[in-house]
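Below: the structure, in structure tokens.
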Amino acid sequence: GRIVRFDLLPLEELGRPRIDVLASLSGIFRDSFANVVDLLDDMFERAASVEGESIDENFIKKHASELSLEGVDRPAARLFSNPPGDYGSMVNEVVGSGDWDDKESLGETWTKRNSFSYGRNEGEGVGTASGTARPRVLDK
């Protein structure tokens, strides 16, 4: 069989609130498993807009709603990686070169390199063809 969609478990079956997560994908995973990235993105989009679940029970919906009110495009984006066609966070290189002042600057390096969202609604054509920088989603 071929997987064409992930189903959301009803909250009653889940037995707890629906938690929110952000996934940091390696460039190799992003590029090798574009179909899985698109399926996961579709699942997050549906979780953010599922009918009958309050924001107290669905934190994906809660945070996506807050981001939407702030004017963030694609507020349900939860899959992040490096810029399209690029690999690595560059944190190791910065540490190795000594070109950093404090842990905050290392965090900024990681964020700048990993704030690109991927999925079925990104870029043109196949969803993972292009990532879009969305650092405001990471801040939430």
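The values are calculated or read from the model by the stated rules, or taken from the named source; none is laboratory data. Since this is a predicted model, take the numbers as computed values, not measurements. Heads up, the Cβs are rebuilt from the backbone with ideal geometry, glycines too, and the neighbour counts pull from every protein chain shown. Surface accessibility is based on the protein's heavy atoms, side chains included, excluding ligands, DNA and RNA. Shrake-Rupley method; radii C 1.70, N 1.55, O 1.52, S 1.80 Å.
So here's what we get for this one:
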{"quantity": "Condition check for Pro75: touching a Leu at 6+ places or on another chain (Cβ under 6 Å) and assigned to a loop (DSSP other than H, G, I, E, B)", "calculated": "yes"}
{"quantity": "Residue within region 25-34 that is more than 20 Å from Glu122 (Cβ to Cβ) and either assigned to a helix (DSSP H, G or I) or within 16 Å of the chain's Cα centre (by Cα) (or both) present", "calculated": "no"}
{"quantity": "Pairs with Cβ under 9 Å, 6+ apart, first in region 68-97 and farther than 16 Å from Leu138 by Cα and in contact (Cβ under 8 Å) with a residue 60 or more places away in the chain, second open to solvent by less than 70 Å² (accessible area, probe 1.4 Å) and assigned to a loop (DSSP other than H, G, I, E, B)", "calculated": "Tyr87/Ser26; Gly88/Ser26; Gly88/Asn82"}
{"quantity": "Residue check for Trp110: aromatic (Phe, Trp, Tyr), at pLDDT 85 or above and either open to solvent by less than 30 Å² (accessible area, probe 1.4 Å) or assigned to a helix (DSSP H, G or I) (or both)", "calculated": "yes"}
{"quantity": "Any chance Ser65 is within 30 Å of Gly85 (Cα to Cα) and either surrounded by 14 or more Cβ atoms within 10 Å (Cβ to Cβ) or in contact (Cβ under 8 Å) with a residue 40 or more places away in the chain (or both)", "calculated": "no"}
{"quantity": "Extreme residue, surrounded by the fewest Cβ atoms within 10 Å (Cβ to Cβ), among residues of region 1-27 that are among the small types (Gly, Ala, Ser) and over 27 Å from Leu138 (Cβ atoms)", "calculated": "Gly1"}
